[in-house]
Amino acid sequence: MLEQEGFVYKESGLGTKVLSNLTLLDDEPLVIEHTYMSVSQVPALSKRILEGSIYSYLHKKLHIKFGGVFRRIKADLPDKYDRQYLGVNESTPILEIEQIVWTNSGVNLKYSRSRNLYSNRSYIMVETSH
């Protein structure tokens, strides 16, 4: 669902297991995600764009380059929405990822919060030196 609320777009939804942007492996919900983007930074955002690739729109159409990301990853117990939409009980661990993405000019572009079944998402971090 895409709503324009004043100066912010809000996209909310249930994700499904995805092999790529276009291929669904099954219809089992695995993530609840809420994403907010500034209307001034992402003009003319539409459902059609979201059904394709928002990142292609940002990079190719708007020529926005990401400058960095703040990401907080934590374990949590499920809330009522997790229990309702992800089908978990009160003691099933949830992995929550909260992130802020900013452009290479330092403007905050996107805030998102996703809640995932603990067993269906992981992160690998690699550090390199220049």
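A short reminder: the numbers here are calculations on the coordinates, not readings from a lab. Not measured: the values here are computed from a predicted model. Note: ideal-geometry Cβ built from the backbone for every residue, glycine included; neighbour counts use all protein chains shown.
Distances between placed amide hydrogens fall under 5 Å for residue 39 paired with 8, 9, all partners being 5 or more residues away or on another chain.
Placing unit charges on each Cβ (+1 for Lys and Arg, -1 for Asp and Glu) gives the range 47-110 a dipole about its Cα centre, and among 54, 64, 81 the Cα reaching farthest toward its positive end belongs to 64. Phi-derived couplings, Karplus 6.51 cos²θ - 1.76 cosθ + 1.60 at θ = phi - 60°, listed residue by residue for the range 59-66: 7, 8, 8, 9, 6, 8, 10, 6 Hz, with x used for Gly and Pro. Applied to the range 44-52, the Karplus parametrisation 6.51 cos²θ - 1.76 cosθ + 1.60 on θ = phi - 60° returns per-residue 3J(HN,Hα) values of 6, 5, 10, 4, 4, 5, 5, 6, x Hz, with x for Gly and Pro. With the cut-off at 1.5 for a/c, could you classify the range 31-130 from its C-alpha gyration tensor as rounded, prolate or oblate? Oblate.
Spread over its residues, the convex hull of the C-alpha atoms of the range 76-130 is 107 Å³ per residue. Annotation: amide H of residue 118 within the under-5 Å range of 95, sequence separation 5 or more or interchain, hydrogens built in the peptide plane.
Less than 5 angstrom separates the built amide H of residue 30 from those of 15, 16, 17, all sequence-distant by 5 or more or on a different chain.
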